[in-house]
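These notes concern the structure reproduced below.
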Amino acid sequence: MAPVSTLAKYKLVFLGDQSVGKTSIITRFMYDKNEYFDASSSHVIEGLTNLIHATIGIDFLSKTMYLEDRTVRLQLWFRSLIPSYIRDSSVAVIVYDVASRQSLNTSKWIEKVRTERGSDVIIVLVGNKTDLVEKRQVSIEEGEAKACDLNVMFIETSAKAGFNIKALFRKIAADLPRIETLSSTKQEDMVDVNLKSSNAAAMQSQPQSGGCAC
Ligand code: GDP
């Protein structure tokens, strides 16, 4: 098996107000086997999200995606408010909650990213929690218009329902700059959970996705 270091690696930072669902999006992508809502998996995702929040020492989770023509390894960083985290990232995922108009005010995050990275970064605006149909305050058209103004990509998701989570990461992967790699040999080890605490066992015993089938 080729060592992980031979894969093209990309760092993704997740930004946005508290409680918009950043950790839930990461957890859903890491651990869900399929995209479709199922009450029990939603419960697991919530449990894992809480576990990540409660665990000191986790800064990122990694996942390998097998694309048609190449293999990429994504490092998903959260708690990434520190400029140095943003500085060497390839992608900034900026999340708002469609049920909170206030959270759509993402300009400060975009500015932070552009200050650190200039135009050398992929930025995606994500409207999360689309399952909260009755509570929606921001329409898809408003989200799209905001993304258009900011000149960034756009997608709506529901981490709870598993809606568009895989599509979000596919969209990102398709846009990643190509980096020459020493080897693109497929690896059996698809998910590398970077945990530094005793909670590692609990996390790793959860069902894991077999990697993205894109
Ligand atoms: P973070 O602070 O941005 O990392 O947000 P979390 O991922 O911790 O989520 C905050 C709260 O929103 C938690 O109670 C989640 O269960 C909930 N949440 C996250 N994503 C969704 C979603 O898509 N729909 C709904 N209804 N709740 C969500």
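The values are calculated or read from the model by the stated rules, or taken from the named source; none is laboratory data. What you see is a predicted model; the values in this text were computed from it and never measured. Note: ideal-geometry Cβ built from the backbone for every residue, glycine included; neighbour counts use all protein chains shown. For the accessible areas, the whole protein counts, side chains as well, though only heavy atoms, and no ligand, DNA or RNA atoms are used. Shrake-Rupley method; radii C 1.70, N 1.55, O 1.52, S 1.80 Å.
Could you say which residue among Asp17, Asp38 is open to solvent by 20 Å² or more (accessible area, probe 1.4 Å) and either away from the ligand (no atom under 16 Å from the Cβ) or modelled with pLDDT of 90 or more (or both)?
That would be Asp17, the only listed residue that is open to solvent by 20 Å² or more (accessible area, probe 1.4 Å) and either away from the ligand (no atom under 16 Å from the Cβ) or modelled with pLDDT of 90 or more (or both).
What number goes with the only condition from (1) modelled with pLDDT under 80; (2) open to solvent by 20 Å² or more (accessible area, probe 1.4 Å) that Trp77 does not pass? It fails just one condition, (1).
Screening Gly127 with (1) surrounded by fewer than 22 Cβ atoms within 10 Å (Cβ to Cβ); (2) touching a residue at least 24 places away in the same chain (Cβ under 8 Å) gives one miss only, at (1).
Which residue out of Leu195, Leu168, Leu182, Leu150 is modelled with pLDDT of 50 or more, more than 15 Å from the ligand (Cβ to nearest atom) and either within 20 Å of the chain's Cα centre (by Cα) or open to solvent by 70 Å² or more (accessible area, probe 1.4 Å) (or both)?
On the way: Leu195 fails: modelled with pLDDT of 50 or more; Leu168 fails: more than 15 Å from the ligand (Cβ to nearest atom); Leu182 fails: modelled with pLDDT of 50 or more.
The unique qualifying residue is Leu150.
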